[in-house]
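Q: Structure incoming, see below.
The values are calculated or read from the model by the stated rules, or taken from the named source; none is laboratory data. Remember, it's a predicted structure, so these values are computed and weren't measured experimentally. Methodologically, a virtual Cβ is constructed for each residue, glycine included, from the backbone with ideal geometry; neighbour enumeration extends over all protein chains shown.
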Amino acid sequence: MIILIYIAYYFLSLLPIIISYRFRKYTISDYQYNKQLNWKKRWALFFNYIALIFQVIVAGELKSKLDSLDNSILGYEPILVSAYIFLIVYTLFPISWLESPKSHIKKEKI
């Protein structure tokens, strides 16, 4: 059962990062002229904030159980560490990719 919990947790934690990575290739002008893309960006941003709230709840619940020395937390310590890592990652990368798109795409010199 614990393996299923780990799989579901990491799938739901990594999915917003994967979705946000798709939006890195778009510029500000792409969002101005494509309303459908703008709505997709808004939904992805909403999904990232929901995932961030989920990480805060998981970290808080596991931390409170760890502080009370509850034996039911045994085996969930890696999820607690991962929740803190995902809190840092979500605020630095995927949410910033969506909130502030690039003004232009840099072209490489050949």
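Q: Can LYS65 be described as in a helix (DSSP H, G or I) and at pLDDT 90 or above?
A: no
Q: Further question on the same structure: Give me the residue from the range 1-59 that is of a type in the set (Ser, Thr, Tyr), under 30 Å from LYS107 (Cα atoms) and not in a loop (DSSP other than H, G, I, E, B) and, out of that set, farthest from the chain's Cα centre (by Cα).
A: Among those that are of a type in the set (Ser, Thr, Tyr), under 30 Å from LYS107 (Cα atoms) and not in a loop (DSSP other than H, G, I, E, B), it is TYR33.
Q: Can you name the residue in the range 1-56 that is free of Cβ contacts under 8 Å to residues at least 12 places away in the same chain and aromatic (Phe, Trp, Tyr) and is also nearest to GLU77 (Cα to Cα) among such residues?
A: Among them, the one singled out is PHE11.
Q: Quick one: is TYR21 more than 30 Å from VAL81 (Cβ to Cβ) and surrounded by 11 or more Cβ atoms within 10 Å (Cβ to Cβ)?
A: When the stated conditions are applied, TYR21 does not pass them.
Q: List every residue pair whose Cβ atoms sit under 9 Å apart, with the two residues 6 or more apart in sequence or on different chains, where the first one lies in the range 92-108 and is farther than 15 Å from PHE23 by Cβ and the second, anywhere, is at pLDDT 85 or above and surrounded by 10 or more Cβ atoms within 10 Å (Cβ to Cβ).
A: If the second residue must be at pLDDT 85 or above and surrounded by 10 or more Cβ atoms within 10 Å (Cβ to Cβ), the pairs left are HIS104/THR27; HIS104/ILE28; HIS104/SER29.
Q: Which condition number does TRP39 fail, the rest of (1) under 23 Å from THR91 (Cβ atoms); (2) among the hydrophobic types (A, V, I, L, M, F, W, C); (3) modelled with pLDDT of 85 or more being met?
A: (1)
Q: Surrounded by fewer than 16 Cβ atoms within 10 Å (Cβ to Cβ) and of a type in the set (Phe, Trp, Tyr): which single residue out of TYR76, TYR9, TYR49 fits that description?
A: The conditions single out TYR49.
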